[in-house]
Amino acid sequence: MKEQLIESMKVVLADSFAFYLKAHQFHWNVEGPDFPQYHDFLSDLYEEVYGSVDRIAEQIRALGEYAPGSFSRFKELSSIADSTGAPTAGEMFNTLAGDNQIVLSTLMRTYKLAEEYSEIGLSNFLQDRYDAHKKHAWMISSILKRKQ
Ligand SMILES: [Fe+2]
C-alpha cells in the first residue's frame with residue numbers, strides 16, 4: 001500500500017520542520033567566543049533545511065494526500081525532541097548531530113519505500129535531501145571535533 005510511503009513522507013516533513021526550527025532557535029541563542037562563526041553556520045543550516053520544507057509538502061500533495069502543518073501534528077509525527085532550555089554551543093551542536101541522524105534515517109527509510117513504489121521523481125528528491133543532510137552531518141561533526 002502506498003499509504004506507508006505517504007505516512008513516511010509526513011515524517012520527513014515533520015522531522016525537517018523540527019530540525020529547521022531548532023537550528024533557527026540555536027542561531028538566535030548561541031553564545032561563546034566563536035559566536036560569529038556559529039551564528040553564520042546556523043543561519044546557513046536553517047535556511048537550507050527550510051528551503052526543503054515546501055517541496056516536501058508539495059510531494060505529499062502530489063501523492064494525493066493533504067500535508068500536515070501544525071505544531072501538534074509535527075510533534076506527533078517527529079521523534080526530534082523540542083529544545084526549551086539554554087544549551088551551551090557544544091550541547092547545541094551535539095543535539096543537532098543526533099537530530100540530523102534522525103532525519104537521515106527517516107529519509108533513507110522513505111527513499112526505499114519510494115523505490116518500492118516506483119515513485120522515481122520522489123526517490124530522486126529524497127536522494128538529494130539525503131545528500132544535503134550528509135553534508136550537514138560532516139560539517140556539524142567537524143565543528144564538534146576537538147584539536148589533538
Ligand atoms: Fe538571523
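The values are calculated or read from the model by the stated rules, or taken from the named source; none is laboratory data. The structure presented is a predicted model; accordingly, all values stated were derived computationally and were not measured. Every residue, glycine as well, gets a Cβ built from its backbone with ideal geometry; the counts of neighbours run over all protein chains shown. Side chains included, ligands, DNA and RNA excluded: accessible areas come from the protein's heavy atoms. Shrake-Rupley method; radii C 1.70, N 1.55, O 1.52, S 1.80 Å.
Test of the criteria: in segment 1-38, which trypsin sites (Lys or Arg not before Pro) are in a DSSP loop and have at most 14 other Cβ atoms within 10 angstrom of their Cβ? The partial results should precede the final answer.
Values: sites: K2, K10, K22; in loops: K2.
Within segment 1-38, the qualifying trypsin sites (Lys or Arg not before Pro) (loop, at most 14 other Cβ atoms within 10 Å) are K2.
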Checklist outcome for this item: Of the residues F93, Y66, Y117, the Cα lying farthest along the dipole of segment 1-138 towards its positive end, which is defined by charges on the beta carbon of Lys, Arg, Asp and Glu, belongs to Y117
Next on the checklist: Counting only pairs 8 or more residues apart or on different chains, how many lysine pairs in segment 5-148 have their Cα atoms under 24 Å apart?
Outcome noted: 17
Item to check | Loop chymotrypsin sites (Phe, Trp or Tyr not before Pro), segment 1-108, which have at most 15 other Cβ atoms in a 10 Å radius of their Cβ (DSSP) | outcome: Y66
Checklist entry - Which trypsin sites (Lys or Arg not before Pro) does segment 44-148 hold that lie in a coil by DSSP with at most 11 other beta carbons within 10 Å? => result K145, R146, K147
Item to check | Whole-percent carbon and sulfur share, accessible surface of segment 35-92, 1.4 Å | outcome: 51 percent
